């Protein structure tokens, strides 16, 4: 798959970044997730997994803001990775009006509730903090279309598994993507639940 069929605003961002063609693993992954399949995307560092997720998410959300509730929810290991992922999303979405929000356990909780309430398209956070936001009615996840776990090697620590299952039980129709450097029992466990029909894409 080339980038020709992507949203025009997204293609402008890719051109600005001088990205002309997908990497080999992205060519394998993108058509499958673009088709709406749940997927494990497992490949080495540098294979373009997270970038594929970012590009796909922006395309899926039509590269535009819409109403108030988040349509993409992405979980990562810690605050550093939350901030890094937001920065990457901003790079690829700067020609759009998509609202990318990085939650933080270090930032005023009530202010975050207000900022999320007034509308975000993509929300990024750790499993524990996103769960806290949800159970304190600060985050509506009923409109989530894309639910992703990025760099999922951390799963199994800090009660992440239970947090994630609680969230998925509260969502309706959504596409799930798990990004990881290697296949292991921690991510395989989700095949017993909401990832039961997921494709396993390995580089």
Exercise for review: Arrange 86, 27 by Cβ neighbour counts within 10 Å, fewest through most, would you?
Suggested key: 27, 86
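Return the inverse of the average 1/r over all pairs of distinct C-alpha atoms in segment 1-111, which is the Kirkwood hydrodynamic radius, in Å to one decimal. Don't jump to the answer; show the numbers that get you there.
Working: mean 1/r = 0.0667 Å⁻¹.
In segment 1-111 this quantity evaluates to 15.0 Å.
Does segment 14-74 come out rounded, prolate or oblate, given a ≥ b ≥ c as the square roots of the eigenvalues of its C-alpha gyration tensor, rounded meaning a/c under 1.5 and, failing that, prolate meaning a/b above b/c? Let's see the in-between values first.
Values: a/c = 2.05, a/b = 1.36, b/c = 1.51.
Taking the square roots of the gyration eigenvalues as a ≥ b ≥ c, segment 14-74 is oblate.
For the chain, go through all pairs of different Cα atoms, get the mean of 1/r, take its inverse, and jot down that Kirkwood value in Å. Write out the running numbers ahead of the final one.
Numbers: mean 1/r = 0.0590 Å⁻¹.
Computed over Cα pairs of the chain, the Kirkwood hydrodynamic radius comes out at 17.0 Å.
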Review point. Roughly what % antiparallel, to the nearest 5, for the DSSP beta bridges in the chain?
Key: 0
Revision key, fill the gap. If 161, 190 are placed from fewest to most neighbouring beta carbons inside 10 Å, the sequence is 161, 190
Check your understanding: Can you sort 199, 99 so the residue with the fewest Cβ neighbours within 10 Å comes first?
Key -> 199, 99
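For every helix of n ≥ 4 consecutive DSSP H residues, a contribution of -39,500 (n - 2.57) applies; sum these over the chain, divide by its total residues, and give [θ] at 222 nm rounded to the nearest 500 deg cm²/dmol. Please report the intermediate quantities before stating the final value.
Numbers: 8 runs with 79 residues, N = 203.
The helix-only estimate for the chain comes to -11500 deg cm²/dmol at 222 nm.
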Check your understanding: Taking Cα centroids, how far is segment 113-157 from segment 1-61 in Å?
Key -> 22
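Which translational diffusion coefficient, to the nearest whole µm²/s, is obtained for segment 78-118 from the Stokes-Einstein equation, given a Kirkwood hydrodynamic radius over C-alpha pairs, 25 °C and 0.890 mPa s? Please report the intermediate quantities before stating the final value.
Values: Rh = 11.2 Å.
The diffusion coefficient I find is 219 µm²/s.
Only the coordinates and a few stated rules stand behind these numbers; no lab work does. Being a predicted model, the structure only gives us computed values, none of them experimental. Heads up, the Cβs are rebuilt from the backbone with ideal geometry, glycines too, and the neighbour counts pull from every protein chain shown.
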